[in-house]
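Report on one structure; see the data block that follows.
Read the figures in this text as sums done on the coordinates, not as results from a lab. Model, not experiment: these values are computed from the prediction. All Cβ positions, even for glycine, are placed from backbone atoms using ideal geometry, and neighbour counts span all protein chains on display.
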Amino acid sequence: MTSHAATIPVGHSIESLLGGIGVLHAKPRTALDWVSVIRRGISSAAVDAVTKTLRVTQAELAVALGIPERTLARRKKEGTLNSEESARLVRLARVVERADAVFEDLDAALNWLKSPNAALAGVIPLSLMDTDIGAESVLDTLGRIEHGVFA
């Protein structure tokens, strides 16, 4: 979504993490493109794509996003997430994309995202995705790892 996307030689893009063009019905290229996708609401099929890629249950994803599991189940029946839920899903995909780029391996990235982290006061990074500040803290920590600063 930001300049980070251009630095990824291989790996999972935000678009692919969310199920690709078939799910998004768009090919966002800029941050502003993502704004319109989020405002329109992302297809609930993206929930399945993210749970599969992250190897989490729908219940675990609901907790990570801060969306009640029943609401997520209802959205899947309705077919579309609302703009706030879409924004949370994109935020999570941004962090996964960044972790994949930093570790250059999705398995290593997922392991890091699901493990307690000393740099985050022993908190599991995935558990911070329900807030902007939490996600930014995880992105900041990934930036420090990328640049060899582990503190």
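Below, the figures for the structure above:
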| quantity | calculated |
| --- | --- |
| R0 of 22 Å, Cβ-Cβ distance His147-Ile124: FRET efficiency to nearest 0.05 | 0.45 |
| Extension reserve of the Gln58-Asp140 stretch, reckoned as 0.36 nm per residue once the Cα distance is removed | 26.9 nm |
| Estimated FRET transfer efficiency (Asp48, Asp107; beta-carbon r; R0 22 Å; 0.05) | 0.65 |
| Highest-MSF residue in the chain out of Thr51, Thr71, Thr141 [GNM, Cα springs under 10 Å] | Thr71 |
| Relative intensity, log₁₀ I(q)/I(0), of region 70-151 from a Debye sum that treats every alpha carbon as a point, q = 0.24, 0.25 Å⁻¹ | -1.12, -1.18 |
| Signed unit charges on C-beta, dipole axis of the chain, positive-most listed residue Leu72, Ala49, Ile14 | Leu72 |
| Cβ crowding within 10 Å averaged over residues, with 37-49, 55-67 ranked highest first | 37-49, 55-67 |
| Most mobile listed residue (Leu92, Leu139, Leu126) in the chain, GNM with C-alpha springs under 10 Å | Leu139 |
| Candidates Val95, Val35, Val50: whichever shows maximal mean-square fluctuation once the chain is modelled as a Gaussian network with Cα springs under 10 Å | Val35 |
| Placed amide H near Asn117: partners under 5 Å, 5+ positions off or other chain | Gly122, Val123, Ile124 |
| Normalised contact order of the chain, rounded percent, pairs of Cα under 8 Å and 6 or more residues apart | 23 percent |
| Virtual spin-label span in nm between Glu84 and Arg39, 7 Å along Cα→Cβ | 1.8 nm |
| Cβ-based net charge around Asp132, under 14 Å, with every Lys or Arg adding one and every Asp or Glu removing one | -1 |
| Angle between the chain longest axis and helix 83-103 axis [Cα atoms, degrees, rounded to 10] | 30 degrees |
| Projected-area average for region 3-146 over all orientations - Cα convex hull basis, square nanometres | 7.8 nm² |
